[in-house]
Amino acid sequence: MDFLNSVFVKPFADMVAAPDFLLQVLWEGLVAGVLYALIALGFVLIYKSSRIFNFAQGIMVVFAALTLVGLHEKGVPALLALPLTLLVMYLLAVAVERVVLRPLINQPDMILFMATIGITLFLIGFGEIIFGGENKVMITEALYIPTGSFEFEPFGGFLLIEQKDLTAVVGAGVLVAVLLLFLNKSRIGRAIRALGDDHQAALSVGISLSTIWVIVWFIAGVIALATGIVWGARAGVSFALEVIAYKALPVLMLGGLESVTGAIVGGLAIGILEKLFEIYWGQPLLGGNTESWFAFVLALIVLLFRPQGLFGERIIERV
Amino acid sequence: MKRLRTNLLLPAALAAACMLSAAPAMSEDSVSLPNLSYRTGPFAATGIPLMNGQRDYMTMLNERDGGVNGVKLGYEECETGYSTEKGVECYEKTKATGIITQPWSTGITLQVLPKSNVDKIPILAPGYGFSPMADGKVFHWAFNMPASYWDGASMILKNISDGNLDNLKGKKIVLLHLDHPYGKEPIPLLEVLAEKHGFTLLPIPVGLKEMQNQSAQWLQIRREKPDFVVMWGWGAMNAGALTEAAKTKFPMDKFVGIWWSGHDGDMASVGEAGKGYRSISWSVPVSDSPVMQDIKKYVLDPKKTEIGEGEFDWVFYQRGVLISMFTVEGIKAAQEHFDTKVVTAEQLRWGLENLKIDDAKLAEIGMTGMIAPFSTSCANHAGHAGGWMLEWDGAKFVKVSDLLQADESVIEPLVEAEAKKYAEANAPWPINEDCKM
């Protein structure tokens, strides 16, 4: 009876008893969710256009953040370091297309996936040679990201919203909106979607595969930079940032690998639900750290009923 | 470009030089001292200064004195990236020539521990690894001097209770720990102490993927309102925790970390906001000590190696120097006892078991004030040296306490019981009850 009470009654009673705390949990979940969605978008864009699961997305986050901080350390002003970092990410996209992807056209998906593991290992080594493995401080203030906090007293309680978290949520939201506009309204965006729908058909109407690959890898680089700035502002910039990319895997399983909407909805859902579960069920009943597995279990349950994910395309193959 | 030169060209040149000159000398007048280092991967930021300090002390002795009593110190690193699998590979690769191994992670230590009995290679895990390794009767080949994690936990509690653990009665202490064998190390002792002194212990784990985003953990801390938070963090987890603590306005004077949670490099991203945070430490940086000045003169100034800006004064860099000192003093003790120059792994084991690091010795080697005196014996492989509280002043760590000592009356029986349990679980396990070796 006690167990049933702690599962079905107490968590909800706690939520009602301390609504300010519930709001704080929801806010923290939203911030995490937006960031998960952002990382997942990087995966989705590349998968949509090339059917490649980009294992290198995590290290691209580290590489972009290290480039930004590294340039600033060399005396480049922050607002100049930002476009220069974007240029580096563009050059990286060109290099990946020329050196890795182009020679592997028409190879099985698994070969391309393995190639992205190769890119990961290369970027780890290259990044360590250029920037070293030491922890670096994100140039938050130099980028004019506010670092204060807003404090509210809802329901007579306490709610704290950090300005940099708010900036991250707004910034990520704007980035996602721009991306959606770009994908849906621009010619290149339509070409990316066409490639995602049918490679052969897209090629037959004159869409250049190599140009599109450079563009999507560059967009993934932009997303990586945004992610790196936000996460780097929390605990410094180091190779430890790479592991946060793995947080996007259940988002992709939940939302579907080729759905932009899936990445956004999946990211937000996982961010909020895993936080709620951890605080109200995980910590009191299971000793905590449920965030490391909750999202995967949730994704697994979804996959049992919808193998293509919530928003993925159903694939029907005739045999 | 400078970085490229340091990281790529310098090691390549050194490797080439080693191939040309060191090989014939190795067998005659040098000893191989492998270190299972981690300069890459998620924990690299912590590993780099520690490895640099170790390497530079050995290099300084080779440059200044020609090694130890005429024997060159062959310091060699095998990169593990803090991965247990790679660590075991490195151990296997280096065990044939090395006279010691340094696993550098509790995970790797636990894997290597049973192998050391067979391979007869001493494991040096200074201030880390498995706390019951302090029992030398059970763990002949393992050494965790100058203090075990349980010593660290005991010193922290002594400090926050103003010297009397009964003052903690009715209080709530959160243990914020990495969800990893390392992070769980203090739990057995803290549970015993919680029961004995009537405080509530609440362990809160932080997963590897959650190191940078600990909002859930700090929301729980906000809800639980603990009197103290004790941290067993590593790498990015430390900065992540301090960022959240500052954000949630948790009082920094109620937040204390173990010695691996007191790294200048981690604190840089927290800066002023981390002011007042303390960490127990068995080492204290003393940059103007004779040994540090010799490292500057013989290694850094002539650019034999390069380190990061400001790293020379860091707690971790100078701790690395002390760690290499343990090995070197072990070699010296073995050379004298066995009346030989090039010591074997078995002889070094004896040396490490008979360390006498007293005030006179520290003065002789130019390390006065950097570490508390301690000694080891057959039954005591941890040394149980004391430690100090270091406090972050916004720019660096400063010593803010007198020397603290762990309560061995509680730790010793626990070490004995847990060591025995380990031996039984891994039977047949050789036990040297009478210390005959």
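The values are calculated or read from the model by the stated rules, or taken from the named source; none is laboratory data. As the structure is a computational prediction, the values presented were derived from the model and not from experiment. Cβ atoms come from the backbone with ideal geometry, glycine included; neighbour counts cover every protein chain shown.
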Exercise. Looking for whichever is under 25 Å from A:L143 (Cα atoms) and among the hydrophobic types (A, V, I, L, M, F, W, C) here; the options are A:L112, A:L104, A:L87, A:L23. Which one fits?
Key: A:L87
Practice problem: Among the residues of segment B:72-90, count how many are over 15 Å from B:S324 (Cα atoms) and either touching a Pro at 6+ places or on another chain (Cβ under 9 Å) or not basic (K, R) (or both). | Solution: 12
Quiz item: How many residues are under 22 Å from B:S279 (Cα atoms) and among the polar types (S, T, N, Q) when one looks only at segment B:94-147?
Solution: 4
Quiz item: Got at least one residue in segment B:134-143 being crowded, with 24+ Cβ neighbours inside 10 Å, more than 14 Å from chain A (Cβ to nearest Cβ) and in a helix (DSSP H, G or I)?
Solution: yes
Exercise. Would you please name the residue that is surrounded by the fewest Cβ atoms within 10 Å (Cβ to Cβ), looking only at residues in segment B:41-69 that are more than 14 Å from chain A (Cβ to nearest Cβ) and hydroxyl-bearing (S, T, Y)?
Key: B:T59
Exercise. Name, by its number, the condition in (1) more than 14 Å from chain A (Cβ to nearest Cβ); (2) of a type in the set (A, V, I, L, M, F, W, C); (3) not in a helix (DSSP H, G or I) that does not hold for B:V192.
Key: (3)
Exercise. Go through segment B:273-331 residue by residue and tally those that are of a type outside the set (F, W, Y), in contact with a strand residue (DSSP E or B) (Cβ under 8 Å, 6 or more places away or on another chain) and closer than 28 Å to B:A239 by Cβ.
Key: 16
Exercise. Could you grab the pairs with beta carbons closer than 7 Å, sequence gap of 6+ or different chains, first residue in segment B:245-266 and more than 20 Å from B:V315 (Cα to Cα) and in contact (Cβ under 8 Å) with a residue 12 or more places away in the chain, second one among the charged types (D, E, K, R) and not in a helix (DSSP H, G or I)?
Key: B:K247/A:E162; B:K254/B:D227
Quiz item: Which of the residues belonging to segment B:256-267 are in contact with a Leu (Cβ under 8 Å, 6 or more places away or on another chain) and more than 8 Å from chain A (Cβ to nearest Cβ)?
Solution: B:G262, B:M267
Exercise. Please enumerate the residues belonging to segment A:1-25 that are among the acidic types (D, E) and touching a strand residue (DSSP E or B) at 6+ places or on another chain (Cβ under 8 Å).
Key: A:D20
Quiz item: Can B:E329 be described as in contact with a helix residue (DSSP H, G or I) (Cβ under 8 Å, 6 or more places away or on another chain), touching a residue at least 40 places away in the same chain (Cβ under 8 Å), among the acidic types (D, E) and surrounded by 13 or more Cβ atoms within 10 Å (Cβ to Cβ)?
Solution: no
Exercise. Give me a count of the residues in segment B:340-380 that are farther than 26 Å from B:K72 by Cα and touching a helix residue (DSSP H, G or I) at 6+ places or on another chain (Cβ under 7 Å).
Key: 4
Quiz item: From the list B:P146, B:P186, which residue is touching a Phe, Trp or Tyr at 6+ places or on another chain (Cβ under 6 Å), surrounded by 17 or more Cβ atoms within 10 Å (Cβ to Cβ) and either within 14 Å of chain A (Cβ to nearest Cβ) or within 30 Å of A:A295 (Cβ to Cβ) (or both)?
Solution: B:P186
Quiz item: With respect to the numbered conditions (1) in contact (Cβ under 8 Å) with a residue 60 or more places away in the chain; (2) over 30 Å from A:I139 (Cα atoms); (3) of a type in the set (F, W, Y), which one is the sole condition not fulfilled by A:F294?
Solution: (1)
Self-check item: Residue among A:G127, A:G133 that is in a loop (DSSP other than H, G, I, E, B), within 14 Å of chain B (Cβ to nearest Cβ), in contact (Cβ under 8 Å) with a residue 40 or more places away in the chain and of a type in the set (G, A, S)
Solution: A:G133
Practice problem: Considering each residue of segment A:141-165, count those that are of a type outside the set (D, E), within 11 Å of chain B (Cβ to nearest Cβ), in contact with a Ser or Thr (Cβ under 7 Å, 6 or more places away or on another chain) and surrounded by 15 or more Cβ atoms within 10 Å (Cβ to Cβ), and give that number. | Solution: 3
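Residues checked against (1) under 19 Å from the mean Cα position of the chain (by Cα); (2) not aromatic (F, W, Y):
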site: B:D359; (1), (2): no, yes
site: B:G366; (1), (2): no, yes
site: B:F374; (1), (2): yes, no
site: B:H384; (1), (2): yes, yes
site: B:E391; (1), (2): yes, yes
site: B:V400; (1), (2): no, yes
site: B:L404; (1), (2): yes, yes
site: B:E408; (1), (2): no, yes
site: B:A417; (1), (2): no, yes
Practice problem: Determine which member of the set A:I192, A:I145, A:I188 is of a type in the set (A, V, I, L, M), farther than 19 Å from B:T243 by Cβ and at pLDDT 90 or above. | Solution: A:I188
Practice problem: From the list A:M114, A:M138, A:M89, pick out the single residue that is more than 14 Å from chain B (Cβ to nearest Cβ) and in contact with a Gly (Cβ under 7 Å, 6 or more places away or on another chain). | Solution: A:M89
Self-check item: Matching residues in segment B:207-226 - criterion: being facing chain A (nearest Cβ under 7 Å) and either under 27 Å from A:Y246 (Cβ atoms) or in contact (Cβ under 8 Å) with a residue 60 or more places away in the chain (or both)
Solution: B:G207, B:L208, B:K209, B:E210, B:M211, B:Q212, B:N213, B:S215, B:A216, B:L219, B:Q220
Self-check item: Segments classed as helices (runs of 4 or more DSSP H), wholly inside segment A:155-215, with at least 3 members that are in contact (Cβ under 8 Å) with a residue 24 or more places away in the chain and of a type outside the set (A, V, I, L, M, F, W, C)
Solution: A:163-185
Quiz item: Given the structure, is B:L175 under 21 Å from B:M252 (Cα atoms), at pLDDT 95 or above and within 14 Å of chain A (Cβ to nearest Cβ)?
Solution: yes
Quiz prompt | Enumeration of residues in segment A:3-58 that are among the aliphatic types (A, V, I, L, M) and not in a helix (DSSP H, G or I) | solution = A:A18, A:I52, A:A56
Practice problem: Return yes when A:L123 is over 29 Å from B:N52 (Cα atoms) and either modelled with pLDDT of 90 or more or touching a helix residue (DSSP H, G or I) at 6+ places or on another chain (Cβ under 9 Å) (or both) and no when it is not. | Solution: no
Quiz item: When the residues of segment B:227-244 are filtered to those that are touching a Lys or Arg at 6+ places or on another chain (Cβ under 6 Å) and without any contact (Cβ under 8 Å) to a residue 60 or more places away in the chain, which remaining residue is farthest from the other protein chains (Cβ to nearest Cβ)?
Solution: B:D227
Quiz item: If you go through segment B:337-380, how many residues are in contact (Cβ under 8 Å) with a residue 24 or more places away in the chain, over 22 Å from B:I295 (Cβ atoms) and either among the β-branched types (V, I, T) or assigned to a loop (DSSP other than H, G, I, E, B) (or both)?
Solution: 8
Quiz item: Going by the conditions given, is B:I204 over 18 Å from B:G383 (Cα atoms), of a type in the set (A, V, I, L, M) and within 26 Å of the chain's Cα centre (by Cα)?
Solution: yes
